[in-house]
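First the structure, in the form of structure tokens, and then the observations on it.
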Amino acid sequence: MTLSEKVAHLKGLSEGLGLDEEDKHGRLIAAIIQVLDEAATTVKGLEASVSELTEQLDAVDEDLDGLEEFVYEELAGEDFDDEDDLFGEDAEISLECPACGETFEVDADIIEEGGSLNCPACNELLEFEVSCDCGHEHHHEDEED
């Protein structure tokens, strides 16, 4: 039996008792039943809202499961840390020289290591400093023997 059905049953019982709503006891019981009826209506609305939210949350959870599965399959076996290539193995990056505007391809390792190179068109020295979202700057350091 739902809460609304129980309140309806109480209403029926109070009417069956023939309580006089002019009497202080009758007014009190009628007021209590009215409050219970309003509470039951509110609870019924909340139950409907919770049911709808639960359905939506289940749908989001299923979508997230699918996304997690996709991401973990894509990254399976890969260990990402500061030592990993930022651009991937044997990657090339297209650059535009700020001095002459010439566009050319560069091995990503040069940029990743924070190195430098000369523009093939105008021989301008181009230096690279790499920073990441982690807040660390990655500088190319000359190794001393």
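Read-outs throughout are calculated quantities, based only on the coordinates presented, and are distinct from any laboratory measurement. Quick caveat: nothing in here was measured; it's all calculated off a predicted structure. Methodologically, a virtual Cβ is constructed for each residue, glycine included, from the backbone with ideal geometry; neighbour enumeration extends over all protein chains shown.
A few notes on this one:
- The alpha carbons of the stretch 3-74 give a radius of gyration and a Dmax of 22.9, 76 Å, in that order.
- The amide H of E92, built 1.01 Å from its N in the peptide plane, has A108 as neighbours under 5 Å, considering only residues 5 or more places off or on other chains.
- Computed packing ranks the peptides 4-11, 61-68 as 4-11, 61-68, most packed first, by mean other Cβ atoms within 10 Å.
- Unit charges at the beta carbon, dipole of the stretch 3-74: most positive-side option, T41, L13, S51: L13
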